[in-house]
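The values are calculated or read from the model by the stated rules, or taken from the named source; none is laboratory data. Since this is a predicted model, take the numbers as computed values, not measurements. So basically every Cβ, Gly included, is an ideal-geometry build from the backbone, and we count neighbours across all protein chains shown. Just so you know, the surface numbers come from the protein's heavy atoms only, side chains and all, with ligands and any DNA or RNA stripped out. Shrake-Rupley method; radii C 1.70, N 1.55, O 1.52, S 1.80 Å.
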Amino acid sequence: MSGDLTLRLIFQDEEDVIIAPKLVSRAILLEVLSYVTNNVRKLYTTPKLTLRDKDNQYQTVEAIAEFNLTPIFISIPHNATVKTFLDEAPRTLKRMLLVGADGSVVVEKYRSGKKTETLRMELSTLKTLNTATNRIFADGEQAPNEMTIARELTEERKEGEISPRFGGAEDNEPQVPYKREKVPYQEGKSQFALLSPLNVVAPVGTPGITKDLKAYTMEEVNAHNADTDAWIVINGKIYDVTKYLNYHPGGKPKLMLGVGRDGTALFHQYHPWVNAHFILEKYQVGYVKR
């Protein structure tokens, strides 16, 4: 990849290496950089990050894109448990983001030098993810983690009560009362039951656990479009959600809207704060063949 632009962002024991054509547009580069930093923001549910160069000077995403600054060290202000040292040694976890001229990104994930996963995203998906994250963190508000969401789903909220976190109205606009569609679940089919230690399956990569993940075309995914055989694509990963349908907090019909096709945009439209892979990892059967 001689002649390509390379940017390296380091966070604790992880690093993201962006490789893009030298003539890639600044707008595309900003989207990719925002995707990397937003992943950290979502992981730690924090609206603010600190970006520093190798001279310990504070930088912005815009400056990194404009002047191709590298390496960049990411940290979280006022969080003593998160430490990123200013050294350029290789990190254990590495993501290679191979950017195309059209803004599509191939993400290759490595652990200790061994490739563990590959996925591909279109520019439109990157924009959707970044917009959703920015909306969550608007006005410095913290985003909820998965357990916060699970707790909210089990609470009974009175009809007409304003949701303090997800009302979505601006301060100078009248808020619309939150009306939550209550979907009853079968006994033992709640999100808490799903995430119970008794139901947790060891993830891919656990010593002694192997899983054969195959590449499928979207045409093959389209064929799995029934409630007895339900596949869905989220962020390039294919999940067989047949056994998950009755656990879905929004109800089985809502999840069926994305079955047999790419449900990424639909997923982020309704709950962009949720880590889909965290919940669905044990149902993954493969990834989309490009």
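Any residue in region 67-89 that's on the phi > 0 side of the Ramachandran plot: show its pairings with residues that are not in a loop (DSSP other than H, G, I, E, B) at Cβ separation under 7 Å, as long as the two are six or more apart or on different chains.
That search, which allows pairs on different chains as well, returns Asn68/Leu5; Asn68/Leu7.
Please find, among Leu69, Leu5, Leu51, Leu29, the residue that is modelled with pLDDT of 90 or more, more than 17 Å from the chain's Cα centre (by Cα) and under 25 Å from Trp273 (Cβ atoms).
Working: Leu69 fails: under 25 Å from Trp273 (Cβ atoms); Leu5 fails: under 25 Å from Trp273 (Cβ atoms); Leu29 fails: under 25 Å from Trp273 (Cβ atoms).
Result: Leu51 is the single residue among Leu69, Leu5, Leu51, Leu29 that is modelled with pLDDT of 90 or more, more than 17 Å from the chain's Cα centre (by Cα) and under 25 Å from Trp273 (Cβ atoms).
Can you name the residue in region 245-280 that is over 13 Å from Trp231 (Cβ atoms), open to solvent by less than 20 Å² (accessible area, probe 1.4 Å) and not hydrophobic (A, V, I, L, M, F, W, C) and is also farthest from the chain's Cα centre (by Cα) among such residues?
The initial filter retains those residues of region 245-280 that are over 13 Å from Trp231 (Cβ atoms), namely 246-254, 257, 264-279.
Checking the rest, the ones that are also open to solvent by less than 20 Å² (accessible area, probe 1.4 Å) come to 251, 264, 268, 272, 276.
Pick out the ones that are also not hydrophobic (A, V, I, L, M, F, W, C) and you get 251, 264, 268, 272.
Details: Gly251: 22, Thr264: 10, His268: 9, Pro272: 8 Å.
The extreme case among them is Gly251.
Spot the failing condition for Val40; the list is (1) closer than 15 Å to Leu93 by Cα; (2) in a strand (DSSP E or B); (3) not hydroxyl-bearing (Ser, Thr, Tyr), and only one is missed.
The single condition Val40 does not satisfy is (2).
Rundown of residues vs (1) within 25 Å of Thr128 (Cβ to Cβ); (2) among the aromatic types (Phe, Trp, Tyr); (3) open to solvent by less than 10 Å² (accessible area, probe 1.4 Å), yes/no style:
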| residue | (1), (2), (3) |
| --- | --- |
| Ala20 | yes, no, yes |
| Ser25 | yes, no, no |
| Lys42 | yes, no, no |
| Leu49 | yes, no, no |
| Asn79 | no, no, no |
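Is it the case that region 232-244 has a residue that's open to solvent by 30 Å² or more (accessible area, probe 1.4 Å) and assigned to a strand (DSSP E or B)?
Going through region 232-244, the residues open to solvent by 30 Å² or more (accessible area, probe 1.4 Å) turn out to be 235, 240, 242-243.
From what's left, assigned to a strand (DSSP E or B): 240.
For region 232-244, residues open to solvent by 30 Å² or more (accessible area, probe 1.4 Å) and assigned to a strand (DSSP E or B): present.
Filter region 81-98 for residues that are among the polar types (S, T, N, Q) and open to solvent by 20 Å² or more (accessible area, probe 1.4 Å); which is nearest to the chain's Cα centre (by Cα)? So that I can check it myself, show each step before the final result.
The initial filter retains those residues of region 81-98 that are among the polar types (S, T, N, Q), namely 81, 84, 92.
Next, from what is left, pick out any that are open to solvent by 20 Å² or more (accessible area, probe 1.4 Å): 81, 92.
On the way: Thr81: 22, Thr92: 20 Å.
Among those that are among the polar types (S, T, N, Q) and open to solvent by 20 Å² or more (accessible area, probe 1.4 Å), it is Thr92.
Determine which single condition Glu108 fails, assuming it passes every other condition in (1) open to solvent by 50 Å² or more (accessible area, probe 1.4 Å); (2) without any contact (Cβ under 8 Å) to a residue 40 or more places away in the chain; (3) in a strand (DSSP E or B).
(1)
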